[in-house]
Amino acid sequence: MMKDNGRENNTPKKNKKNKKNKHGNHGGNNGHVSNISKQQVSKQQDRKFVSTFFERHHDPSYVRPKWSPAPLLDTPLPASICTCCKKPIGDPSLALSDKITGGSTHFDCVVEKIKAMEHIKSSELVVYLGGGRFGIIRLTVPNSMRSFKILKIIEWENKDERAAWRSVIADHYSLT
């Protein structure tokens, strides 16, 4: 208990210089007199945003550019023939480059070629790993693709070189 001017006081004396007020300032008002509450400031900011939004988007002189789709090319894709089976390739985006000639090849033809080259056992599978690579895997749990071991990785397409037939397809679909 503190004695203040001869009487007892149960509350400790407050030091106004070090205490923060409810606005986070250290005492005083820093020379600014503000009679606007935080809610009033927030409402004013909302009104400014809404008014500028409507001015931009509802102004009769503002003309929004219309979207138009890119023109379709009249030229069809060149017909591709699989270098392995000599049949036409229906969807060239699913084709791979032949490892030897560089021509387009059916995905399934590449899988069959790898199976013949690598002498795949019945417990092993050929899978596409991505980026022009295939893998030979063995399932650790039979009939479950959740657990497997990669036995060998086969680099089928060179990722540093782009096949000429891929450039033709890319130029057909790309506008930039």
Cross-chain or 6+ apart pairs with Cβ under 8 Å, the stretch 114-130 first and over 20 Å from Lys159 (Cβ atoms) and of a type in the set (S, T, N, Q), then part of a strand (DSSP E or B) and modelled with pLDDT under 90: Ser123/Leu139
Residues of the stretch 104-115 that turn out to be farther than 13 Å from Val127 by Cα and touching a helix residue (DSSP H, G or I) at 6+ places or on another chain (Cβ under 7 Å), as a count: 1
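Which of the residues that make up the stretch 106-150 are of a type in the set (A, V, I, L, M) and in contact with an Asp or Glu (Cβ under 7 Å, 6 or more places away or on another chain)? It would help to see each step written out before you state the result.
If we filter the stretch 106-150 for residues that are of a type in the set (A, V, I, L, M), which is where we start, we get 110-111, 114, 116-117, 120, 125-127, 129, 136-137, 139, 141, 145, 150.
Ile136, Ile137, listed by residue number.
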So Leu96 ticks every box in (1) aliphatic (A, V, I, L, M); (2) farther than 16 Å from Asn158 by Cα; (3) at pLDDT 85 or above but one. Which box is left unticked? (2)
Within the stretch 159-176, the count of residues that are part of a loop (DSSP other than H, G, I, E, B) and touching a Ser or Thr at 6+ places or on another chain (Cβ under 8 Å) comes to 1
Give the number of residues within the stretch 135-176 that are touching a strand residue (DSSP E or B) at 6+ places or on another chain (Cβ under 6 Å), closer than 19 Å to Leu96 by Cβ and either free of Cβ contacts under 8 Å to residues at least 40 places away in the same chain or of a type in the set (A, V, I, L, M, F, W, C) (or both). 10
Flag for Thr176 being hydroxyl-bearing (Ser, Thr, Tyr), exposed (fewer than 12 other Cβ atoms within 10 Å of the Cβ) and at pLDDT below 80: yes
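The values are calculated or read from the model by the stated rules, or taken from the named source; none is laboratory data. Every value quoted in this text rests on a predicted model; they were computed, and no experiment measured them. Glycine also receives a Cβ, built like all others from the backbone with ideal geometry; neighbour counts cover every protein chain displayed.
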